[in-house]
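Reading through the structure tokens given below for one structure.
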Amino acid sequence: MPSKTFAGSLSSPKVDVVIDTGNPLLNHTVDGFLKIGTVAVAKTIVEETYHVVQRGSLSKHNLEDALKKMCKEGAYWGAVAGLYVGMEYGVERVRGTRDWKNAMVAGAVTGAIVSAVSKSKGEKVVMDAITGGAVATGVEIIKYLT
């Protein structure tokens with residue numbers, strides 16, 4: 001019986017920017033900041049484009065607001081990512097091993113720090129630390145399964 005098959009692959013172009021500060025911890029932190037900050041900027045561009053299409057017009061004021069939002073989102077997401085990546089690298093260096101536990105600890109500490117900096121107190125900081133640890137651990141488990 002004749003059969004037809006289709007095989008192929010889809011891949012995206014890889015762009016990697018390397019900034020060597022001379023310190024591996026700082027290199028990882030800056031790399032995380034730049035990569036995730038760029039994702040936040042792209043997300044904001046898409047959101048703002050949607051709003052322009054919805055309104056049907058673009059003004060200088062809208063463009064300025066969009067630029068401010070892109071910078072703010074990029075800096076915030078980048079700072080959180082840089083903190084997490086730096087923490088994970090530091091925990092890995094201290095423990096001398098690379099596993100899901102590094103992600104869990106780095107996620108929990110990052111969650112707690114971000115929560116505390118945003119003026120949260122007590123139980124909210126603990127809950128954010130638990131969430132950060134859970135999300136980071138989940139990502140590591142998914143990476144392991146794929």
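Each reported figure results from applying straightforward, stated rules to the coordinates on display, with no laboratory input. Note that this is a predicted model, so its numbers are computed, not measured. Here the Cβ positions follow ideal geometry from the backbone for every residue, glycine too, while neighbour counts run over all protein chains shown.
For the chain, with only Lys/Arg (+1) and Asp/Glu (-1) charged at the beta-carbon, what is the dipole magnitude about the Cα centre, in debye rounded to 20?
Computed about the Cα centre, the dipole is about 180 debye.
About the Cα centre, and with charges only on the beta carbon of Lys, Arg (+1) and Asp, Glu (-1), how big is the dipole of the range 21-83? Nearest 20 debye, please.
80 debye
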